[in-house]
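The values are calculated or read from the model by the stated rules, or taken from the named source; none is laboratory data. Model, not experiment: these values are computed from the prediction. Using ideal geometry, Cβ is built from the backbone for each residue, glycine included, and neighbour counts are taken over all protein chains shown. Heads up: the accessible areas ignore ligands, DNA and RNA and are worked out on the full protein's heavy atoms, side chains in. Shrake-Rupley method; radii C 1.70, N 1.55, O 1.52, S 1.80 Å.
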Amino acid sequence: MGMTMTQKILAAHAGMEAVTAGQLIRARLDLVLGNDITTPVAINEFTKNGFSEVFDRDKIAIVLDHFVPNKDIKAAQQSKQCREFACQHCVSHFYDVGKMGIEHALLPEQGVVTAGDCVIGADSHTCTYGALGAFSTGVGSTDMAAGMATGTAWFKVPAAIRFELTGKLPANCSGKDVILTIIGKIGVDGALYKSMEFTGEGVADLTMDDRLCICNMAIEAGAKNGIFPVDDVTRRYLEGRCERPPRKFTADPDAEYEQTIPIELSKIVPTVACPHLPENTRPASELGGVKIDQVVIGSCTNGRMEDMQTAYRILKGHTVAPGVRCIIIPATMQIYRECVQRGYVTAFIDAGAVVSTPTCGPCLGGYMGILAAGERCVATTNRNFVGRMGHVDSEVYLASPATAASSALTGYITAPKED
C-alpha cells in the first residue's frame, strides 16, 4: 500500500522506507518552536532534565507574541526567561519587540520553514505550515524541551482524510470560509488525530494566504496536521525566501485514506461559526439580527496581507458603526509596515478602528480586546469556546476578514457583498 504525503515526510525523517498509520516512530526535526507562554515551561523542563545544550541553535525558534509588549509583571518575567535562554544558547531565530510577529505568520514569511520539513511547536496552531507542504504539529512544552535537546520527537503516524477540492471560490469568500464550512460538516472531532490532506484541481485557485488559514484551523477539527501539495503557488512563495532547499513529497496513487470528502469551492458562502464551537456554523446571511460590540481582524489565522487588503477595501471611506470597537492587528512587522506604506493604516484610523502592533492578545483573552459579560465579538481568530476572549458570558463569532469588516460597518453580523 502506498503512503500519503504526510506519511512520506515522516518516513523520510525517521530514516525509514515506509511507515503505516498507527506506527510509532522517532523522527528528526527541522524546527522546534515556542512562544512566550510555552517556552518558559519548556526551559524549566530542559533544565530539570539536565540538558545543557540545544541540538542546533539554527533549528530552534522562539517568538514572543502572546503578551508582548508585556502586559503585566508575569508576562515580563516569562519574556525575560526566554530572552536569557535565547542569549545563552545563541538561538538564531529569536523574535522580540520590533522584530516579532504572530508566530505562525512570521515563520513562513521569514523563510524559517519550508516544504518537506518536519516541525513541532509548543502551540496547537503549529499545523499552519502544512500550507507549504511541510508536516507540522503542535506539542506540549515537555516535548518542546526534548526536541530542543535531542532534535527528535516521537510520533504515532496519522491516518488521513482526503479533501478533494474542485471549482473556484466566489469573490466574497476566502480560505476562512472554506475551513469553517469543512469543520461545520465534519465537526470538531471529525479528523481526530488524522492528517487532513487537501487535493484536487480546486487547490490551484487558493492563494498561499488561503492555504495558511485553512491549515491553521485543522486542529479545530481535531486533526494532527493539515497539508497541501507543493505546486506552482507554493514554489512561487518559497522562491528566494527559505533558508533550506524545499523538498517535495507527493502522495502515492494508491495511498490509503480513511475517507474522501468532496468540497465544491463555488458553493462556499460567507460562513460564521457561532458560539461556542467552531463546528456551529451558519451562513453569515442568516445572522443579520445578531448585534455586535466588537470586531477583531488579525491573529495567526487571518492577519496576513490579503486579510489587511480585504479589510481596507471594505472599510476605506466608511465609518465603523457607533458602539462597535474595531481592532485591526497586522500579523507581522513586515505586514504592518506594508499597511503603513499602502495607506491602509490611515484608512483604518479614519474609519474609526484601532491598529495594534502584532500580538495574539485578544484571540486567547489575554489583552488588547477583552470582552465583558454579555458582549459579542466577530473575530477572524480560530476559537470561540466559552470565555475564550474574556467573560464566560461573552460570545465570539468566527468569520472571514470580509465578513468581520462588513459587520463592523453595520453593527450587526453582515455578509460581505460580492465584488
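Beta carbons closer than 6 Å, at least 6 apart along the sequence or on distinct chains, pair a first residue in the range 137-160 that is closer than 16 Å to Asn49 by Cβ with a second that is surrounded by 19 or more Cβ atoms within 10 Å (Cβ to Cβ) and among the polar types (S, T, N, Q) for Ser141/Thr38. With respect to Val290, determine if the residue is modelled with pLDDT of 95 or more and either out of contact with any Phe, Trp or Tyr (no Cβ under 6 Å at 6 or more places or on another chain) or open to solvent by 20 Å² or more (accessible area, probe 1.4 Å) (or both). Here the answer is yes, as Val290 does meet what is asked. Taking the listed residues Ala415, Ala405, Ala373, the one that is part of a loop (DSSP other than H, G, I, E, B), in contact (Cβ under 8 Å) with a residue 40 or more places away in the chain and among the small types (Gly, Ala, Ser) is Ala415, with no other qualifying. Across the range 102-118, the qualifying residues are those that are in contact with a strand residue (DSSP E or B) (Cβ under 9 Å, 6 or more places away or on another chain) and either open to solvent by 10 Å² or more (accessible area, probe 1.4 Å) or not in a helix (DSSP H, G or I) (or both), and the one among them that is farthest from Leu31 (Cα to Cα) is Ile102. Those residues that are under 11 Å from Ile62 (Cα atoms) and either in a helix (DSSP H, G or I) or over 26 Å from the mean Cα position of the chain (by Cα) (or both), I need them from the range 18-41; list them, please. The answer is Thr38, Thr39, Pro40. Taking first residues from the range 218-247 that are in a helix (DSSP H, G or I) and partners that are of a type in the set (Phe, Trp, Tyr) and open to solvent by less than 20 Å² (accessible area, probe 1.4 Å), the Cβ contacts under 9 Å between residues at least 6 apart in sequence or on separate chains come to Thr234/Phe228. Number of residues in the range 355-388 that are among the β-branched types (Val, Ile, Thr), out of contact with any Cys (no Cβ under 6 Å at 6 or more places or on another chain) and more than 19 Å from Ala76 (Cα to Cα) equals 5. Inside the range 17-37, residues that are surrounded by fewer than 23 Cβ atoms within 10 Å (Cβ to Cβ) and within 16 Å of Arg83 (Cα to Cα) make up a count of 1.
In the set (1) touching a Pro at 6+ places or on another chain (Cβ under 9 Å); (2) of a type outside the set (Gly, Ala, Ser); (3) open to solvent by 40 Å² or more (accessible area, probe 1.4 Å), the condition left unmet by Glu256 is number (1). Taking the numbered list (1) crowded, with 24+ Cβ neighbours inside 10 Å; (2) part of a loop (DSSP other than H, G, I, E, B) in turn, Pro362 passes all entries but (2).
Restrict the check to the range 22-44 and report whether at least one residue is farther than 18 Å from Cys300 by Cβ and among the hydroxyl-bearing types (Ser, Thr, Tyr). Among the residues of the range 22-44, not one is farther than 18 Å from Cys300 by Cβ and among the hydroxyl-bearing types (Ser, Thr, Tyr), which makes the answer no.
On the basis of being in a helix (DSSP H, G or I), at pLDDT 95 or above and open to solvent by 60 Å² or more (accessible area, probe 1.4 Å), does Ile314 make the cut? For Ile314, the condition - in a helix (DSSP H, G or I), at pLDDT 95 or above and open to solvent by 60 Å² or more (accessible area, probe 1.4 Å) - is not met. Applying a threshold of 9 Å to beta carbon distances and a minimum spacing of six or more residues, or different chains, the list of pairs starting in the range 77-91 at a residue that is on the phi > 0 side of the Ramachandran plot and ending at one that is assigned to a helix (DSSP H, G or I) and of a type in the set (D, E, K, R) reads Cys90/Arg57.
Can you find, within the range 323-354, the residue that is most open to solvent (accessible area, probe 1.4 Å) among those that are within 25 Å of Val290 (Cα to Cα) and part of a strand (DSSP E or B)? Per the stated criteria, the residue is Arg325.
Going through the range 77-101 one residue at a time, which ones are touching a strand residue (DSSP E or B) at 6+ places or on another chain (Cβ under 9 Å), open to solvent by less than 50 Å² (accessible area, probe 1.4 Å) and assigned to a helix (DSSP H, G or I)? Of everything in the range 77-101, those that are touching a strand residue (DSSP E or B) at 6+ places or on another chain (Cβ under 9 Å), open to solvent by less than 50 Å² (accessible area, probe 1.4 Å) and assigned to a helix (DSSP H, G or I) turn out to be Cys82, Phe85, Ala86. Leu409 falls short on exactly one of the conditions (1) open to solvent by 10 Å² or more (accessible area, probe 1.4 Å); (2) under 21 Å from the mean Cα position of the chain (by Cα), and that condition is (2). The set of residues from the range 159-209 being open to solvent by 30 Å² or more (accessible area, probe 1.4 Å), hydroxyl-bearing (Ser, Thr, Tyr), touching a strand residue (DSSP E or B) at 6+ places or on another chain (Cβ under 8 Å) and under 29 Å from Met305 (Cβ atoms) comprises Thr166, Thr181, Thr199. Residues being surrounded by 15 or more Cβ atoms within 10 Å (Cβ to Cβ) and farther than 30 Å from Ala404 by Cα are represented in the range 229-239 by at least one member. The sole residue among Phe67, Phe55 that is in a loop (DSSP other than H, G, I, E, B), in contact with a strand residue (DSSP E or B) (Cβ under 9 Å, 6 or more places away or on another chain), open to solvent by 10 Å² or more (accessible area, probe 1.4 Å) and touching a residue at least 24 places away in the same chain (Cβ under 8 Å) is Phe55.
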